[in-house]
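The values are calculated or read from the model by the stated rules, or taken from the named source; none is laboratory data. Bear in mind the structure is a predicted one, so any value in this text is a computation, not a measurement. In this analysis, Cβ positions are derived from the backbone assuming ideal geometry, glycine residues included, and neighbour counts consider all displayed protein chains. To get the accessible areas, we keep the full protein, side chains included, count just its heavy atoms, and leave off ligands, DNA and RNA. Shrake-Rupley method; radii C 1.70, N 1.55, O 1.52, S 1.80 Å.
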Amino acid sequence: MPYLLISTQIRLEAGPTMVGDEHSDPHLMSILGATKRSMPGNNFCEYYVNDAPRVVLDKLERLGYRVVSMTGVGQTLVWCLHRE
């Protein structure tokens with residue numbers, strides 16, 4: 001998977017950080033220390049870590065990922081990363 005989206009709520013910029021969906025690479029999620037969970041009312045799962053986005057971005061950079069874009073969507077911050 002060369003592309004990865006991570007996000008966090010603006011009021012939670014110190015964490016937790018959403019690092020993947022239910023189809024994400026389990027090995028990568030393990031390296032990040034992510035756990036899979038489903039929020040009440042959602043019919044899908046997401047992977048979360050308790051780290052702040054900055055810490056997650058640092059870990060992903062060491063794994064060869066680079067930020068392609070970043071945006072705010074409502075009260076959510078979203079980063080798109082790519083690995084060659």
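Descriptive notes on the structure:
- Positions within region 15-37 being touching an Asp or Glu at 6+ places or on another chain (Cβ under 9 Å), farther than 18 Å from Arg83 by Cβ and open to solvent by 60 Å² or more (accessible area, probe 1.4 Å), in sequence order: Glu22, Lys36, Arg37
- Only a single item in (1) surrounded by 11 or more Cβ atoms within 10 Å (Cβ to Cβ); (2) modelled with pLDDT of 95 or more is not met by Ser69, and it is number (1).
Here's the yes/no breakdown for (1) in a strand (DSSP E or B); (2) in contact (Cβ under 8 Å) with a residue 24 or more places away in the chain; (3) hydrophobic (A, V, I, L, M, F, W, C); (4) in contact with a strand residue (DSSP E or B) (Cβ under 6 Å, 6 or more places away or on another chain):
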residue	(1), (2), (3), (4)
His23	no, no, no, no
Ile31	no, yes, yes, no
Lys36	yes, no, no, yes
Phe44	no, no, yes, no
Val56	no, yes, yes, yes
Leu81	yes, yes, yes, yes
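- Check on Ile6, of a type in the set (A, V, I, L, M, F, W, C) and open to solvent by 80 Å² or more (accessible area, probe 1.4 Å): no
- Ala52 vs. criteria under 14 Å from Thr76 (Cα atoms), open to solvent by 60 Å² or more (accessible area, probe 1.4 Å) and of a type outside the set (S, T, N, Q): no
- Count of region 5-21 residues which are more than 18 Å from Tyr65 (Cβ to Cβ) and either touching a residue at least 12 places away in the same chain (Cβ under 8 Å) or part of a loop (DSSP other than H, G, I, E, B) (or both): 7
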